[in-house]
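The values are calculated or read from the model by the stated rules, or taken from the named source; none is laboratory data. This one's a predicted model, so the numbers in the text were calculated from it and none came from an experiment. Cβ placement follows ideal geometry from the backbone for every residue including glycine, while neighbour counts extend to all protein chains displayed. Side chains included, ligands, DNA and RNA excluded: accessible areas come from the protein's heavy atoms. Shrake-Rupley method; radii C 1.70, N 1.55, O 1.52, S 1.80 Å.
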Amino acid sequence: MGGKQSMKDVTVLTTSTCGYCKMAKEFLIQNKIHFIEKDVNVDPQARHEMTSRNITGVPTFIIGNDVVVGFDKTKILQLVDHRLVKCQNCNTAVRVPTDAGRINASCPKCKSTLKL
């Protein structure tokens, strides 16, 4: 399976009143995981995605092609293939793959080498 693979996107379907959603977002931030939040109460596309997949609860995590309904920390960490690293030079957050071994990465903004 050669070639460079892109990292999985992480989307979290939430509602503003869901306590578990707030905890889930804090968990992702603490574990340096890049994610996009979509509130199904205000985002019609997110609501459609939820109903088209027969998902009935939040938080729901869409990680690449996998779906995790509920706040299953172990499953989330198993599926996520990146972490965020801050550039020491300009403080830009950069997604870095977790399964690539030792890699050389540079900041897309200031081009400095990241210390991993």
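Within the stretch 1-29, which residues are within 17 Å of Ile63 (Cα to Cα) and either touching a Cys at 6+ places or on another chain (Cβ under 8 Å) or assigned to a strand (DSSP E or B) (or both)? Once the filter is applied, which keeps residues that are within 17 Å of Ile63 (Cα to Cα) and either touching a Cys at 6+ places or on another chain (Cβ under 8 Å) or assigned to a strand (DSSP E or B) (or both), the stretch 1-29 yields Val10, Thr11, Val12, Leu13, Thr14. Annotation note: of Lys75, Lys32, the sole residue that is among the basic types (Lys, Arg) and in a loop (DSSP other than H, G, I, E, B) is Lys32.
How many residues are of a type in the set (D, E, K, R) and assigned to a loop (DSSP other than H, G, I, E, B) when one looks only at the stretch 35-60?
Adding up the residues that qualify gives 2.
Residue by residue, here is whether (1) polar (S, T, N, Q); (2) over 14 Å from the mean Cα position of the chain (by Cα); (3) within 22 Å of Met50 (Cα to Cα) holds:
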| residue | (1), (2), (3) |
| --- | --- |
| Gly70 | no, yes, yes |
| His82 | no, no, no |
| Val85 | no, no, no |
| Asn91 | yes, yes, no |
| Arg95 | no, no, no |
| Thr98 | yes, no, no |
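Of the residues examined, Phe71 is one that is over 23 Å from Ser6 (Cα atoms) and either β-branched (Val, Ile, Thr) or touching a residue at least 40 places away in the same chain (Cβ under 8 Å) (or both).
Of the residues making up the stretch 19-30, those that are surrounded by fewer than 19 Cβ atoms within 10 Å (Cβ to Cβ) and out of contact with any Asp or Glu (no Cβ under 7 Å at 6 or more places or on another chain) are Gly19, Tyr20, Lys22, Met23, Glu26, Phe27, Ile29, Gln30.
Annotation note: Cβ proximity below 6 Å between a residue of the stretch 24-38 that is charged (D, E, K, R) and a residue that is open to solvent by 50 Å² or more (accessible area, probe 1.4 Å) and not in a helix (DSSP H, G or I) (sequence gap 6+ or interchain) occurs for Lys32/Arg83. If only residues of the stretch 31-61 that are closer than 19 Å to Pro97 by Cβ and of a type in the set (Val, Ile, Thr) are counted, the one that is surrounded by the fewest Cβ atoms within 10 Å (Cβ to Cβ) is Ile36. Note on the stretch 89-104: among residues that are of a type in the set (A, V, I, L, M), open to solvent by less than 50 Å² (accessible area, probe 1.4 Å) and at pLDDT 80 or above, the one that is nearest to Ile36 (Cα to Cα) is Val94.
For the stretch 3-16, the count of residues that are without any contact (Cβ under 8 Å) to a residue 12 or more places away in the chain, at positive phi and open to solvent by less than 90 Å² (accessible area, probe 1.4 Å) is at least one.
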